[in-house]
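Below is one structure; the comments refer to it alone.
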Amino acid sequence: MHAVPTGNRTRAWRGPLVAATAIGLAIGTTSMVSAVMVDDNTPLDPCLGDECPGSYSPPHNGAYLGFDDGVSIFAGGDFSIGQAAAEAEGNVVVLGDATFDKGQGVYNLGTAGVGSRVPPPNNSTMLTVGGDLTVAQGTDLHVGQPDLVGNVNVGGTASGTITQVAPGTVTESVDVASVWAARRANVTALSQCLAAQAPTGTVQEDDGGTVTFTGSGAQIEVFEVTAESVTADWGAVLAAENLAGTETVIVNVTSSNPVDFQLNGTVGGVDQAEINASQRIVFNFPQSTDVTLSGSVIPGSVLVGQEASTTHINANQLNGRTEVAGSLEHGLTTTNTGLEVHAYPFTGPLPSCDETPSPTTTPSPTTTPSPTTTPSPTTTPSPTTTPSPTTTPSPTTTPSPTTTPSPSTTPSPSASPSETPSPEPTQSTLPATGADADQSALMVLVAGTLLALGLSALVVARRR
């Protein structure tokens with residue numbers, strides 16, 4: 001039995017930060033049931049766990065090469081399968097309801113008869129549904145068959161025929177949303193992040209809607225496709241010049257209208273070169289709410305960013321991760337049969353997207369202090385009239401007005417100065433004439449007294 005960790009695990013690569021707040025989640029309580037690894041809810045998982053293979057092979061039906069506890073399919077809305085669908089290899093996580101209706105027949109989940117042959121670990125949760133799980137009459141949902149124990153966790157109720165290897169369990173009323181809800185927002189954030197990258201390669205479209213890609217030799221090659229109906233031979237893309245040293249290929253399909261994206265893999269079947277490349281390719285649909293994936297092979301991972309979207313997988317094979325913020329349909333709108341999704345990881349580096357910086361708080365302006373009230377000046381005593389009045393000089397004007405003291409009373413005919421503004425209280429600029437007048441009056445008085453004394457002495461002398 002493979003013990004699956006119930007906490008976060010360091011990824012083989014670190015993608016961009018796609019949520020404003022770091023997420024640390026614990027697995028919801030599921031009695032005696034191992035749960036799929038959350039891995040911080042970062043989309044586009046590499047292979048997770050302790051039993052990942054050293055390399056992957058093209059789809060085959062041989063022995064298991066290893067085990068992968070990453071998420072292979074994630075739907076933020078509902079997940080529905082129709083008559084044309086055959087199997088979905090790897091862990092499947094659905095936030096909404098899941099409905100399996102083939103009319104008649106078996107749908108394999110977790111393991112695949114032909115695929116990467118790297119399924120989830122034995123006795124782990126291979127199907128997680130946030131809402132109700134409905135298996136329609138005539139449909140048999142095989143989980144982990146024929147030789148692995150695959151468990152099912154359901155937020156609501158489960159109904160219909162579900163075939164498992166003993167002691168596989170179906171557990172209802174599991175709190176799925178608290179564990180996986182953040183991933184939906186992260187799918188949208190990563191989709192927008194990739195869409196914001198400037199194209200490095202060129203895309204040419206002919207009159208029939210067929211496109212060809214030419215790389216620039218960049219480590220992370222970004223192509224932008226604006227068409228709504230796209231047909232491409234991915235085998236030609238793999239052989240295109242300037243892609244030999246590329247570590248990641250991002251194809252942004254930016255139309256907001258319904259998109260029909262048809263890809264054809266290598267002529268003659270999927271080969272090793274295509275499988276190696278598919279682990280570094282992501283097809284991103286950031287704007288469209290109606291995406292159809294068709295053709296023979298989708299060689300890479302798929303990201304659909306709109307929560308109100310519906311994605312239709314009508315291709316014969318999809319070899320990579322499939323993560324959509326909205327709903328996902330497998331084999332509902334096509335007449336093809338035997339459609340398969342194979343669990344191949346995403347291993348390429350992704351560009352970093354700068355977080356929007358928090359706006360700098362503008363500091364509150366410093367309150368201008370109220371001007372200091374200038375105290376009223378001491379009143380200058382009224383001076384005695386002087387023989388020659390002194391002219392009052394004109395005061396100097398200061399730049400910052402403050403409360404100006406009332407001017408002192410000046411003797412007439414002295415000129416009164418204009419008011420003098422000043423930042424600090426000052427003395428009046430009037431000349432101090434009162435002290436000089438007192439001294440002059442005293443001298444006159446003394447002289448008069450001496451003169452009177454002198455006259456008195458003279459009179460006395462004459463009388464004698």
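Each value in this text was obtained by applying a stated rule to the coordinates, not by laboratory testing. Bear in mind that the values here come from a model prediction, so they are computed numbers and not experimental data. Using ideal geometry, Cβ is built from the backbone for each residue, glycine included, and neighbour counts are taken over all protein chains shown.
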statement: Output ordering of 317-327, 284-294, 214-224 (per-residue mean of other Cβ within 10 Å, highest first) is 317-327, 284-294, 214-224
Derived scalar couplings ³J(HN,Hα) [segment 270-280; Karplus, 6.51 cos²θ - 1.76 cosθ + 1.60; whole Hz; x for Gly, Pro]: 6, 10, 5, 4, 5, 5, 4, 6, 4, 6, 10
query: Tell me, in nm to one decimal, what length is gained between E307 and A196 on full extension, where the rule is 0.36 nm per residue of separation less the Cα-Cα distance?
result: 38.1 nm
query: Fewest first, what order do V304, V165, V174 take by the number of other Cβ atoms within 10 Å?
result: V165, V174, V304
- prompt: If you place +1 on the Cβ of every Lys and Arg, -1 on the Cβ of every Asp and Glu, and leave all else neutral, what size is the dipole of segment 57-192 about its Cα centre, to the nearest 20 Debye?
  reply: 220 debye
query: Using a simple spin-label model with points 7 Å from Cα along the Cα→Cβ vector, what separation in nm is obtained for D147 and A273?
result: 3.3 nm
- prompt: Hey, if you put +1 on the Cβ of every Lys and Arg and -1 on every Asp and Glu Cβ in segment 39-342, which of V92, V174, S255 ends up farthest toward the positive end of that dipole?
  reply: V174
task: Please report M37, M126 as a ranked list, fewest other C-beta atoms within 10 angstrom at the top and most at the bottom.
output: M37, M126
field: Virtual spin-label span in nm between T333 and T212, 7 Å along Cα→Cβ
entry: 3.1 nm
- prompt: How much of the DSSP beta bridge set in segment 39-342 is antiparallel, as a percent to the nearest 5?
  reply: 5 percent
Spherically averaged projected area in nm², based on the convex hull that wraps the Cα atoms of segment 39-342: 14.3 nm²
